[in-house]
Every structure is written in structure tokens, then in C-alpha cells.
Amino acid sequence: MRFKRHMELEHGLKQIEITPLIDMVFLLLIFFLLTSSFVIQPGIKVNLPKAVTSESLQPESVEIVISSENVMYIGGKVITMQELKSFVRQAAKRKQPFLIKSDRRASLGRVVEIWDLCRDLGVTQINIATNQG
């Protein structure tokens, strides 16, 4: 008993060669793996606290990052309180909003100190970053 599929192969192609196709797929896979660059964003590791009532903010906020060791960063650069004062003065003139990203183990006193500094220098919009959850 002959099935229809076998009869078509007997009249046309005797055998389908897929070895060259598999070779090409492997070569393309190796090419893309070797030429792709895995970009790792450098940054400061901060474990944000969770809040149920958090909202999304606009990305043009100036970010002040406070690590778990109470070290302050702006743009990935360590800053002192005096440098922060001058930076906040300049940003307050441009009416830029501020976003404080504080590690959950950072001192609350440091966050309040930065918050008060910003309010004293005329910043009208100050936010604290959290994870939704």
C-alpha cells in the first residue's frame, strides 16, 4: 500500500537535504552571540522601600541618591553637603523637581536633612522614590 506522500517524493525529490540549513542557522547564531554587546548600566545599588500609594513621575527630575551608608550621589558622583547646597540653588532657579532615592537602610535623618535643605533653597517639588507593592 502506497501513501500519497511517498509517491510525491518518488516522482520529485528523492531526499531533502537540511544539513546546509542547520549549518547556516548555527553560524548565524554564533555570529549574533559574538557581535552583540551586553551593556550593563553602571550605577549605585539602592534598595528602595515599598509603598502602595506611589505614583509615576516625569523623568526630568534631579535625582539625589542616598546609599545604605548615608553617602549622597548626584549623577553617580559622590557629593558633600556644601556641593549639594550649591547644586540645589542652581536647580531651584530653573524650577526643576527633585527626586530623593534613599536606600531603605539609610538614615531617615539624612533624608529629612536633604528635604529641609531643598525646601529652604526654594525647591517647590520634592519626591521620594519607592517601589510599588
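Every number in this text was worked out from the coordinates using simple rules, so none of it is lab data. Nothing here was measured: the structure is a model prediction, and the numbers come from that model. With ideal geometry, Cβ positions are generated from the backbone for all residues, glycine too; neighbour counts draw on all protein chains shown.
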- prompt: If you rank 112, 71, 123, 88 by fewest surrounding Cβ atoms within 10 Å, what's the result?
  reply: 112, 71, 123, 88
- prompt: How do 62, 25, 111 line up, fewest other C-beta atoms within 10 Å first?
  reply: 25, 111, 62
Residue order, fewest to most beta carbons within 10 Å, for 98, 32, 87: 32, 87, 98
message: Classify segment 50-132 from the C-alpha gyration tensor, please: rounded if a/c falls under 1.5, else prolate or oblate depending on whether a/b exceeds b/c.
response: oblate
message: Please list, ordered by chain and number, the residues whose modelled amide H lies under 5 Å from the amide H of residue 127; skip anything fewer than 5 residues away on the same chain.
response: 98, 99, 100
query: With each label point set 7 Å from Cα along the Cα-Cβ vector, what nm distance links residue 94 and residue 17?
result: 6.4
